1. Scan segment 96-105 and give yes if some residue there is part of a helix (DSSP H, G or I) and more than 24 Å from S14 (Cβ to Cβ), otherwise no.
2. Right, T56: in contact with a helix residue (DSSP H, G or I) (Cβ under 9 Å, 6 or more places away or on another chain) and either surrounded by 13 or more Cβ atoms within 10 Å (Cβ to Cβ) or outside any loop (DSSP other than H, G, I, E, B) (or both) or not?
3. Could you list, in sequence order, all residues of segment 13-22 that are in contact with a helix residue (DSSP H, G or I) (Cβ under 9 Å, 6 or more places away or on another chain) and either free of Cβ contacts under 8 Å to residues at least 12 places away in the same chain or more than 14 Å from M57 (Cα to Cα) (or both)?
4. Identify all residues within segment 59-80 that are within 16 Å of N33 (Cβ to Cβ) and part of a loop (DSSP other than H, G, I, E, B); write none if there are none.
5. Working carefully through the options T84, T52, T131, find the one that is at pLDDT 85 or above, over 13 Å from the mean Cα position of the chain (by Cα) and under 30 Å from L7 (Cβ atoms).
Amino acid sequence: MDLKTLLSTKGLKSTKQRDVIIQEFLKLKEHVNIDALYQKVKAKHPTIGYATVYRTMKLLKECGMASERHFGTRQALYEPHHETAHHDHLICVKCNKIIEFENEKIEKLQDVIAKKYGFRLESHKHELYGTCSQCKK
């Protein structure tokens, strides 16, 4: 379901504030929590409230435009969801740095394992936890 359809089914309209939040979110190259996104949005648009950012991110998640991740913590992090750009994550347990990576061999191996056990994969999240090169020093 796209955002316009979702807004319509919820009796909501596309607003300038929602559009600004979505634009700021889609520009990001890193995972972001609601607080950090709010700070970025508020710096440029001081009248936008925290609740509006929160509700907009909830809508983006519901319509599939944003993925919510937790990476071993309670705090939700968001990233734009792209249907064709699957990736996995390396997460540093010391500084919380997140590195995205793609590996065709891992993807194929997952399919082989699923097939071996008669399992039909629908989705997956591959997260590897360890210490990044900066924290190892």
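The values are calculated or read from the model by the stated rules, or taken from the named source; none is laboratory data. The structure presented is a predicted model; accordingly, all values stated were derived computationally and were not measured. Neighbour counts are summed over all protein chains in view; Cβ atoms, including those assigned to glycine, are modelled from backbone coordinates with ideal geometry.
1. Yes, segment 96-105 contains a residue that is part of a helix (DSSP H, G or I) and more than 24 Å from S14 (Cβ to Cβ).
2. yes
3. K13, S14, T15
4. Across segment 59-80, the qualifying residues are H70, F71, G72, T73, R74, Q75, A76.
5. Result of the check over T84, T52, T131: T52.
Conditions tested, residue by residue: (1) within 14 Å of the chain's Cα centre (by Cα); (2) at negative phi; (3) among the small types (G, A, S).
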| position | (1), (2), (3) |
| --- | --- |
| C63 | yes, yes, no |
| Q75 | yes, yes, no |
| H89 | yes, yes, no |
| K97 | no, yes, no |
| E102 | no, yes, no |
| L109 | no, yes, no |
| A114 | no, yes, yes |
| E127 | yes, yes, no |
